[in-house]
Amino acid sequence: MADADDPEEIGSDNPVARVTEQFVTYVELVAAAVFAGLFAIGVGDLILQIGESVLSGSITDPRVVISFIDTGLLLLIIVEVYQTVIAYTRKSDTAEIVRLVIYTGVIAMVRKAIVFRAGEYPTTGDALAAAVAYTVLLLGLGVLLVIDRQ
């Protein structure tokens, strides 16, 4: 008899559960392939952007360099999401998956902090609210990282 608390035992006894589990795994692999493709396209695009800015001389503009950093961090986020999807397909332990999600969040928040421009908000109050929210999220993710390391 299958243990109701163990999904693997239920799946091994139930052909419908087994088929749906295989289907979900295939869809996860397709999602991983999509993220890998997005990463490859992004790297190619970043290389083209850098080449164009070198040729035009805009490579010395700090805003251009920040846009490269922004794109690079976005690519790292894509890699982390890809790794999370792969961890799901491998049935990795929950701690590893949570760790990957935390890393993704840290990269995303660092990206937001690097490209943060108060002038892009309608009011200084809006900019302050966004800055406080980013800070709280980043501190929370930092605490989770420290806890995970212990």
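The values are calculated or read from the model by the stated rules, or taken from the named source; none is laboratory data. Being a predicted model, the structure only gives us computed values, none of them experimental. Glycine gets a Cβ as well: all are built from the backbone with ideal geometry, and neighbour counts include every protein chain shown. Just the protein is used for accessible areas: all its heavy atoms, side chains included, with ligands, DNA and RNA removed. Shrake-Rupley method; radii C 1.70, N 1.55, O 1.52, S 1.80 Å.
Give the relative contact order (percent, whole number) for the chain; include only Cα pairs under 8 Å separated by 6+ residues.
Taking the mean separation of contacting Cα pairs over the length of the chain, I get 20 percent.
Give me the 1.4 Å probe accessible area per residue for the stretch 19-90, excluding ligands and nucleic acids, in Å².
Accessible area per residue, the stretch 19-90: 63 Å².
Each principal axis of the Cα atoms in the chain has its own extent, and those three values, largest first, are 68, 36, 32 angstrom. Between S56, S67, S92, the Gaussian network model of the chain with springs among Cα atoms under 10 angstrom shows the greatest mean-square fluctuation at S56. Fully extending the segment from I114 to L55 would add 18.7 nm, taking 0.36 nm per residue of separation and subtracting the current Cα-Cα distance. Label positions at L137 and T89, each projected 7 Å from the Cα along the C-beta direction, are separated by 2.8 nm.
Here the stretch 93-149 has 72 percent of its accessible surface on carbon and sulfur atoms, given a 1.4 Å probe and all protein chains in place.
Under a Gaussian network description of the chain, with springs only between Cα atoms under 10 Å, the residue in I86, I114, I78 that fluctuates furthest is I114. Report the percentage of all Cα-Cα pairs in the stretch 93-149 whose separation exceeds 13 Å, rounded to a whole percent. Value for the stretch 93-149 (Cα pairs over 13 Å): 62 percent.
Given a Förster radius of 25 Å and the C-beta distance between D45 and V65 as r, what FRET efficiency does 1/(1 + (r/R0)^6) yield to the nearest 0.05? For R0 = 25 Å, the calculated efficiency reads 0.95.
In this simple spin-label approximation, V146 and T25 carry label points 7 Å from Cα along the Cα→Cβ vector, and these lie 4.1 nm apart.
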